[in-house]
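K.L.:
To start, I am sharing the structure in question, which I have written as structure tokens.
The values are calculated or read from the model by the stated rules, or taken from the named source; none is laboratory data. The structure displayed is predicted, hence computed values, not measured ones. Positions of Cβ are backbone-derived with ideal geometry, glycine not excepted, and every protein chain shown enters the neighbour counts.
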Amino acid sequence: MPAITFLGHGAFLVELEKARLVIDPFLSGNPAAGCGPEAVEADYVLLTHGHPDHLGDGIEIARRCGATIIAPFELATHCERQGARVHAMHIGGAHDFPFGRVKLTIAFHGSGLPVEDGILYLGNPCGFLVIADGATVYHAGDTGLFYDMKLIGEMNRIDVALLPIGGNFTMDADDAVKAAELLGAGLSVPMHYGTFDVIKADPADFVRKAAARGLRAKALAVGERLVL
């Protein structure tokens with residue numbers, strides 16, 4: 001069965017039978033990171049969008065490990081120009097990889113990289129459904145609450161949903177509880193909180209509010225590993 005390790009912020013390592021996936025590896029410069037990028041070994045790097053706290057060390061890890069970056073087309077193109085191997089996708093698209101299946105979902109957010117003369121547009125943000133080893137993991141990416149989460153849950157039996165709770169840039173805990181309800185996930189795990197003052201949030205509050213609605217939720221400590 002898949003194992004998921006929380007690396008801090010929106011970053012997770014997903015260990016599968018045939019591959020190791022790292023999602024949004026913002027490690028360098030992250031005060032909440034559980035390790036540095038040099039500690040991550042991955043076969044694939046999944047990037048939800050181009051903001052620095054999600055693109056993070058993705059290109060560096062991909063180049064060092066010979067890993068393939070999976071990302072929306074515009075972001076994948078940027079990574080390829082930086083010397084990474086890529087597999088470009090887009091919203092609603094799915095692809096079968098040697099380890100399993102990946103599908104991109106919508107996410108309501110932005111995807112621009114600050115550069116010297118402004119913002120480099122990197123396409124639409126996304127979420128990921130990873131279907132492998134008999135389980136489905138949903139990483140929502142940075143997003144606000146949207147009702148199509150109900151459709152995502154109806155079409156996919158989600159074992160674990162990784163949901164932002166920090167507010168300001170994404171859903172807060174209350175919205176994330178509603179998201180968990182719409183998705184019908186077997187387990188919901190909070191992310192994207194506490195890294196910076198503006199997204200301070202109490203993950204235990206999310207877990208309590210989810211439990212009050214009959215939903216299973218678990219907050220992972222940085223570096224904690226969850227076996228599905």
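K.L.:
Please go through the stretch 53-64 and pick out each residue that is assigned to a helix (DSSP H, G or I) and buried (at least 18 other Cβ atoms within 10 Å of the Cβ). Even if it seems obvious, please write down each step before you answer.
P.N.:
Filtering the stretch 53-64 for residues assigned to a helix (DSSP H, G or I) gives 53-55, 58-64.
The answer is D53, H54, L55, G58, I59, E60, I61, A62.
K.L.:
Could you list all residues from the stretch 21-78 that are within 22 Å of H192 (Cβ to Cβ), free of Cβ contacts under 8 Å to residues at least 40 places away in the same chain and of a type in the set (D, E)?
P.N.:
Passing the criteria: D57, E60.
K.L.:
If I filter the stretch 119-131 for residues that are among the β-branched types (V, I, T) and in contact (Cβ under 8 Å) with a residue 12 or more places away in the chain, do I get at least one hit?
P.N.:
yes
K.L.:
Being modelled with pLDDT of 95 or more, touching a Ser or Thr at 6+ places or on another chain (Cβ under 6 Å) and surrounded by fewer than 19 Cβ atoms within 10 Å (Cβ to Cβ) is the requirement here; does D159 meet it?
P.N.:
yes
K.L.:
Just one of (1) farther than 23 Å from P164 by Cβ; (2) touching a His at 6+ places or on another chain (Cβ under 9 Å); (3) at pLDDT below 95; (4) not small (G, A, S) trips up N30, so point out which.
P.N.:
(1)
K.L.:
Looking at the stretch 91-104, I want the residues that are farther than 14 Å from A76 by Cβ and have a partner that is of a type in the set (K, R) and at pLDDT 95 or above with Cβ atoms under 7 Å, at least 6 apart or on another chain. Which pairs are those?
P.N.:
Once the first residue is farther than 14 Å from A76 by Cβ and sits in the stretch 91-104, its partners that are of a type in the set (K, R) and at pLDDT 95 or above give A94/R101; A94/K103; P98/K18; F99/K18.
K.L.:
Kindly evaluate V177 against the criterion of being buried (at least 18 other Cβ atoms within 10 Å of the Cβ), outside any helix (DSSP H, G or I) and either among the aliphatic types (A, V, I, L, M) or in contact with an Asp or Glu (Cβ under 9 Å, 6 or more places away or on another chain) (or both). Step through it out loud before you land on a result.
P.N.:
Working: buried (at least 18 other Cβ atoms within 10 Å of the Cβ): yes; outside any helix (DSSP H, G or I): no; either among the aliphatic types (A, V, I, L, M) or in contact with an Asp or Glu (Cβ under 9 Å, 6 or more places away or on another chain) (or both): yes.
The answer is no for V177.
K.L.:
OK, next. Starting from the stretch 1-20, keep only residues that are surrounded by fewer than 23 Cβ atoms within 10 Å (Cβ to Cβ), then list their pairs with residues that are in a strand (DSSP E or B) and of a type in the set (S, T, Y) whose Cβ atoms are within a distance under 8 Å, requiring at least 6 positions of separation or different chains.
P.N.:
L13/T5; E15/T5; A19/Y44; R20/Y44
K.L.:
Give all pairs with beta carbons closer than 8 Å in which a residue from the stretch 210-228 that is assigned to a loop (DSSP other than H, G, I, E, B) meets a residue that is surrounded by 12 or more Cβ atoms within 10 Å (Cβ to Cβ) and at pLDDT below 95; count only pairs at least 6 apart in sequence or on separate chains.
P.N.:
If the second residue must be surrounded by 12 or more Cβ atoms within 10 Å (Cβ to Cβ) and at pLDDT below 95, the pairs left are V222/A32; V222/A33; V222/G34; G223/G34; G223/C35; L228/M1; L228/P2.
K.L.:
Moving to a separate point now. As an exercise: evaluate G50 against (1) under 15 Å from the mean Cα position of the chain (by Cα); (2) part of a strand (DSSP E or B) and give the number of the one condition it does not meet.
P.N.:
Condition (2) is where G50 drops out.
K.L.:
Do we find that I152 is under 17 Å from the mean Cα position of the chain (by Cα), of a type in the set (V, I, T) and in a helix (DSSP H, G or I) in this structure? Show your work before the answer.
P.N.:
Values: under 17 Å from the mean Cα position of the chain (by Cα): yes; of a type in the set (V, I, T): yes; in a helix (DSSP H, G or I): yes.
For I152, the condition - under 17 Å from the mean Cα position of the chain (by Cα), of a type in the set (V, I, T) and in a helix (DSSP H, G or I) - is met.
K.L.:
Give the stretch 180-209 a look and list any residue that's part of a helix (DSSP H, G or I) and surrounded by 14 or more Cβ atoms within 10 Å (Cβ to Cβ), or say none.
P.N.:
A180, E181, L182, L183, I199, P203, D205, F206, V207, K209, listed by residue number.
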